[in-house]
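Only the coordinates and a few stated rules stand behind these numbers; no lab work does. Being a predicted model, the structure only gives us computed values, none of them experimental. Cβ placement follows ideal geometry from the backbone for every residue including glycine, while neighbour counts extend to all protein chains displayed.
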Amino acid sequence: MCGTSTSKQYDDTEPAQAPMSRHMGIDRPAPGSGIKVNFQDSKGNLLKTVEANEGDDILAIAHEYDIDLEGACEGSVACSTCHVILPPEYYDLLPEPEDDENDMLDMAFGLTDTSRLGCQVKLTKEMDGMDVRLPAATRNMFVDGKKASH
Amino acid sequence: MKLAIIGGGPSAFYVASRIFQLLPAAKPSSPSLRIHLFDRLWAPHGLVRYGVAPDHPEVKNCTHKFDAAALDPRLRFFGNVNVGDPANPIPHAINLPLSSIFKNYTHILFSTGCTLPTLHPALPPSTYCIPALSLVHWYTQHPTNPPPPPLENVSHVSLIGNGNVSLDVARMLLTNPDVLSKYDVPQHVIDHLSRSNVKHVSIIGRRGPLEAAFTTKELREMINLPEASMIPLDLDSMVPVSKDSLTRQQSRVLQLLAKGSAKPYGTTSKTWSLDFLRSPVGLAPPSATSQAQLKLAHTKVDAKTSRAVPTGETSVFSTDLVTTSLGFRSPPSSLFSSEDLGHLRTISGRLVSSSGHVLQNAYASGWASTGAKGVLASTMIDAYAVADTILTDLMPKDEPVKTTPASPTREQGVADDDVAEIVMNPNPHPEDPPEEIKEALKEGMVTTYSDWKKVDEEEVRRGEVLGKERERMGWEEAREFLTKTKPRT
Ligand SMILES: Cc1cc2nc3c(=O)[nH]c(=O)nc-3n(C[C@H](O)[C@H](O)[C@H](O)COP(=O)(O)OP(=O)(O)OC[C@H]3O[C@@H](n4cnc5c(N)ncnc54)[C@H](O)[C@@H]3O)c2cc1C
Ligand SMILES: NC(=O)c1ccc[n+]([C@@H]2O[C@H](COP(=O)([O-])OP(=O)(O)OC[C@H]3O[C@@H](n4cnc5c(N)ncnc54)[C@H](OP(=O)(O)O)[C@@H]3O)[C@@H](O)[C@H]2O)c1
Ligand code: FES
């Protein structure tokens with residue numbers, strides 16, 4: 001068989017092929033030349049300091065460097081799984097979130113006053129050295145941002 | 001571990017994906033691992049394919065992650081296989097008894113979702129009262145194949161419940177079919193919608209604007225509908241004067257409601273309304289001379305319990321079609337289902353027997369475990385937590401896996417009927433699915449993930465020809481297509 005169909009990869013009899021992570025199409029800058037971003041876990045412990053270019057968004061950067069930040073809708077502002085928490089001084093550097101981003105943030109778990117959707121935050125030079133904290137994952141279900149149900 | 005997952009929706013795929021991430025195939029310390037997913041639908045992805053509204057194509061991007069999980073050679077998908085549900089609603093799905101799963105797997109995970117619509121005692125289904133799920137199944141071409149709603153003869157629609165599903169249905173009814181036709185909407189649905197006479201959609205909620213079940217984004221979509229306008233609301237009579245204790249979402253919803261629809265009321269041929277503080281109490285059938293009569297009790301929200309309580313007043317709506325959108329539940333017939341909870345009994349993702357025992361090597365995730373609450377983001381977080389639980393139970397204690405912090409318990413239901421406890425097989429065949437599945441695979445009655453990907457590509461190709469996202473296939477068509485493309489052996 002000539003393998004014209006990409007479907008073949010899914011056959012369980014094929015040799016092992018590691019699942020690919022989505023390529024969000026960003027390039028790593030030469031070490032020392034990029035904008036530094038410090039990814040932190042929910043408790044503020046440093047996970048990794050990485051370098052990226054002006055204009056790259058935080059979700060794409062996280063994916064490039066294997067940081068555990070989801071992006072279920074791939075940056076379409078339709079899922080809130082890319083929620084991150086920024087330090088106030090950096091949050092203030094950013095343009096206000098648009099309505100659609102705020103609508104999704106309404107549903108984000110562990111929302112803070114300086115929460116943003118990672119897919120909507122684009123790096124600028126002023127953000128060099130910024131801490132980006134991931135929210136705490138929890139099994140206490142957050143449901144549509146509401147508390148009391150009937 | 002040889003894990004059988006019942007259900008192939010987002011929860012199943014997120015659990016599998018997380019397990020693969022935590023136990024990479026290439027790492028020598030990873031234990032031997034096989035995950036087999038069974039779904040009674042021939043196509044994978046549960047409500048992402050057969051629920052998410054067609055005009056939300058971005059939401060479906062999550063399937064790329066599911067495709068990536070399916071690329072791991074340790075995963076196999078078996079579609080068109082109904083496992084253990086005696087009331088199998090899919091006529092062509094083959095039935096696999098749970099005993100077969102117990103015999104062939106070391107572990108089991110129920111990710112079966114909540115597949116039945118919640119009904120209202122005062123509103124039994126009829127030709128003029130249809131559960132929202134039937135409409136959703138109609139416009140997604142679900143294998144249960146419900147008849148189209150009688151839209152040609154309908155001018156006024158009453159949706160009961162104001163959750164996001166209700167708003168999905170409202171948008172489908174109020175959006176121009178020409179707009180919908182570029183999305184993943186089957187051609188026969190577009191044709192039917194083109195003949196619709198719907199003029200007004202009333203969305204009825206038993207509580208007030210602050211307790212509305214819809215989310216801000218979905219309300220904004222309604223507000224911005226290009227061809228329909230909302231009847232202005234008298235918010236002051238419904239909301240307390242002091243806005244101090246409102247959540248961020250509540251204040252944003254109120255602002256939107258106060259602003260009203262983008263198209264002013266009166267300027268469009270189609271209209272919609274949010275009718276708060278009304279709870280249905282009865283429905284008189286239509287007659288030759290009159291529309292159906294929907295009787296609504298007026299309610300107020302109890303400040304302490306935030307429940308709807310009747311004020312004693314009632315009113316009657318003349319309407320042509322009532323659609324109930326009250327949520328979903330798991331079939332009461334399924335093992336470990338609690339009638340009261342409307343879903344399976346679990347503690348931290350572990351299945352619990354009716355007598356309250358935590359079962360070994362048996363788990364539940366997603367809507368099957370939490371009830372029909374929450375969007376994909378919450379389903380994903382739950383799935384990751386359940387994956388962590390499964391691996392914590394599996395791994396030797398000196399080799400801890402990274403786990404998500406979890407609260408110790410989820411709700412535990414009590415039921416008085418006794419269910420036999422699950423006994424899994426510690427030494428099943430290391431690779432193979434049950435015999436019945438091997439046979440059915442040969443007969444072309446079971447779909448694999450690679451079958452699905454072929455259909456998926458073809459649906460997108462057919463869609464391109466028509467200038468739309470995709471044109472769906474049904475089971476018969478998919479089966480025929482797959483038979484044609486299968487290499488002869
Ligand atoms: C109409 C609708 C629209 C939605 N739209 C959105 C949206 O736009 N955005 C969003 O974030 N969330 C949306 N959601 C919520 C989202 O779909 C859920 O969070 C998610 O699908 C739950 O995943 P699950 O895997 O638990 O259940 P499901 O998706 O229901 O999957 C369960 C699977 O199990 C299978 N199954 C059940 N019983 C058996 C059996 N006995 N044997 C074999 N297979 C079985 C079913 O066929 C199904 O494929 C929507 C929900 C609905 C109902
Ligand atoms: N676009 C999206 O993101 C999207 C789309 C669809 C679904 N979803 C998610 O899927 C989940 C399920 O959605 P859903 O709309 O089916 O359910 P839901 O959000 O739970 O809404 C159910 C509605 O039915 C009402 N209701 C229930 N029982 C009733 C009764 N006996 N009498 C009168 N009213 C009654 C509820 O009112 P009370 O509040 O008073 O109980 C509520 O308004 C939600 O979490 C939703 O966000 C998301
Ligand atoms: S990736 Fe979905 S909102 Fe950012």
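Data for the structure
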quantity: Pair A:ASP100, B:LEU335: separation of 7 Å Cα→Cβ label points (nm); calculated: 4.5 nm
quantity: Using θ = phi - 60° and Karplus 6.51 cos²θ - 1.76 cosθ + 1.60, couplings along the range B:37-46 (whole Hz; Gly, Pro as x); calculated: 9, 10, 10, 6, 8, 6, 9, x, 5, x
quantity: Other protein chain Cβ atoms within 10 Å, averaged over every residue that makes up A:69-81; calculated: 6
quantity: DSSP-defined beta bridges in the protein assembly as shown - what % are antiparallel, rounded to 5; calculated: 45 percent
quantity: Ratio of the Cα radius of gyration of the range B:119-326 to 2.2 N^0.38 Å, where N counts its residues; calculated: 1.02
quantity: The range B:230-339 - Rg over Rh from alpha carbon coordinates, Kirkwood radius; calculated: 1.04
quantity: Normalised contact order of chain B, rounded percent, pairs of Cα under 8 Å and 6 or more residues apart; calculated: 20 percent
quantity: Built amide H within the under 5 Å cut-off of B:LEU96, gap 5+; calculated: B:ASN82, B:VAL83, B:GLY84
quantity: Chain lengthening between B:LYS243 and B:ALA288 when straightened (0.36 nm per residue, less Cα-Cα); calculated: 11.4 nm
quantity: Calculated log₁₀ intensity ratio I(q)/I(0) where the Debye formula runs over C-alpha points of the range A:35-133, q = 0.14, 0.15 Å⁻¹; calculated: -0.44, -0.51
quantity: Selection of GluC sites (Glu not before Pro), the range A:78-142, meeting DSSP coil and at most 12 other Cβ within 10 Å; calculated: A:GLU98
quantity: From phi via Karplus (6.51, -1.76, 1.60), per-residue ³J(HN,Hα) for the range A:89-94 in Hz, x at Gly/Pro; calculated: 5, 7, 3, 5, 6, 8
quantity: Length-normalised contact order of the range A:35-133 in % [C-alpha pairs under 8 Å, at least 6 apart]; calculated: 42 percent
quantity: Global geometry of chain B, whether rounded, prolate or oblate, following the gyration tensor of its Cα atoms and the 1.5 cut on a/c; calculated: prolate
quantity: With at most 15 other Cβ atoms within 10 Å, longest stretch of chain B clear of loop GluC sites (Glu not before Pro) (DSSP); calculated: B:1-226
quantity: Cross-link pairs B:LYS60/B:LYS263; B:LYS217/B:LYS263; B:LYS2/B:LYS373; B:LYS270/B:LYS468 - those with Cα-Cα distance over 23 Å; calculated: B:LYS60/B:LYS263; B:LYS2/B:LYS373; B:LYS270/B:LYS468
quantity: Burial ordering of B:THR247, B:THR268, B:THR299, fewest other beta-carbon atoms within 10 Å first; calculated: B:THR247, B:THR268, B:THR299
quantity: Neighbourhood charge, 11 Å Cβ-Cβ cut-off, centred on A:LEU123 and excluding it, Lys, Arg +1 and Asp, Glu -1; calculated: -3
quantity: Restricting the range A:71-116 to chymotrypsin sites (Phe, Trp or Tyr not before Pro) in coil, as DSSP defines it, with at most 13 other Cβ within 10 Å; calculated: none
quantity: Using alpha-carbon coordinates, inclination of helix B:10-22 to the longest axis of chain B, degrees; calculated: 40 degrees
quantity: Total formal charge among the other residues, if their Cβ is under 13 angstrom from that of A:ASP27, Lys/Arg +1 and Asp/Glu -1; calculated: -3
quantity: Among B:158-164, B:106-112, the order from most to least packed when residues are scored by Cβ within 10 Å on average; calculated: B:106-112, B:158-164
quantity: Gyration tensor verdict on the range B:1-114 (Cα atoms; rounded if a/c is under 1.5, prolate if a/b is larger than b/c, oblate otherwise); calculated: oblate
quantity: Label-to-label distance, nm, for residues given as B:GLU477 and B:VAL465 (7 Å Cα→Cβ offset); calculated: 1.0 nm
quantity: Other-chain or far-sequence residues with amide H under 5 Å of B:LYS2's (modelled H); calculated: B:ARG34, B:THR106, B:HIS107
quantity: Inter-probe distance in nm under a simple model that places probes 7 Å from Cα toward Cβ, at B:VAL316 and B:ASN95; calculated: 4.6 nm
